[in-house]
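Asker: The structure under discussion is supplied below as structure tokens; questions concerning it will follow.
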Amino acid sequence: MTIQEQLFALLSNATPAAERVYPLIAPDAVARPYVIFQRVSANTENILYGSSGLINTRIQLDVYATTYAQAQDIAAAIDGLMAAWNVQNVSVLSQDFYEPDAKLHRASIDYSIWHP
């Protein structure tokens, strides 16, 4: 199972976004709130004698909601899930945005995830 599949399993139905967790792009006319995730980068850790067998993947999660408070609540729920996950990870960046064309609040969180 890829790290993206593991992340999807972790987040699906575990936040107020429910099953609305999508890789890369949400379907047209999707109900709000929803979460999109994407791999930003993935690098194999190399040591003096070759690969350590670990990969460092940076994942960006974007929460879209009709209110700022709802976006923040879901982002906090995701932080809690990530902290309890049995896969080593750390939050490296968190930002808030407003998407005026869609009239949606967005909380964007990046995680650095270490996995085999």
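Laboratory data are not the source of any read-out in this text; all were calculated from the coordinates shown. Only a predicted model underlies this, so the values are computations on that prediction, with no experimental measurement involved. Please note: Cβ atoms are built from the backbone with ideal geometry, for glycine as well, and neighbour counts cover all protein chains shown.
Asker: With n ≥ 4 as the cut-off for DSSP H runs, can you work out [θ] at 222 nm for the chain, using -39500 (n - 2.57) per run divided by the number of residues, rounded to the nearest 500?
Answerer: Values: 2 runs with 26 residues, N = 116.
Taking each H run of at least 4 residues, the total per residue is -7000 deg cm²/dmol.
Asker: Moving on to the next point. Could you work out how far helix 68-84 tilts from the main Cα principal axis of the chain, as a 0 to 90 degree angle to the nearest 10?
Answerer: On a 0 to 90 degree scale, this one is about 20.
Asker: Among DSSP beta bridges lying fully in the chain, give the percent that are antiparallel, nearest 5.
Answerer: In the chain, approximately 90 percent of DSSP beta bridges are antiparallel ones.
Asker: How far apart, in nanometres, would the label points at Ala29 and Tyr98 be if each is projected 7 angstrom from Cα along the Cα-to-Cβ direction?
Answerer: Spacing of the two 7 Å Cα→Cβ label points: 2.8 nm.
Asker: Hey, rough spin-label estimate for Phe8 and Val40, points 7 angstrom out along Cα→Cβ, what's it come to in nanometres?
Answerer: Going from the Phe8 label point to the Val40 one covers 2.2 nm.
Asker: Normalised by the empirical 2.2 N^0.38 Å for globular proteins, what value does the Cα Rg of the range 3-115 take?
Answerer: Scaled against compact globular proteins, the figure is 1.12.
Asker: List every residue whose amide H lies under 5 Å from the amide H of Arg20, counting only residues 5 or more places away in sequence or on a different chain, with H placed 1.01 Å from N in the peptide plane.
Answerer: Asn13
Asker: Cα gyration tensor of the range 8-49, axes a ≥ b ≥ c as square roots of the eigenvalues: rounded (a/c below 1.5), prolate (a/b > b/c) or oblate?
Answerer: It is prolate, given that a/c is not under 1.5 and a/b is the larger ratio.
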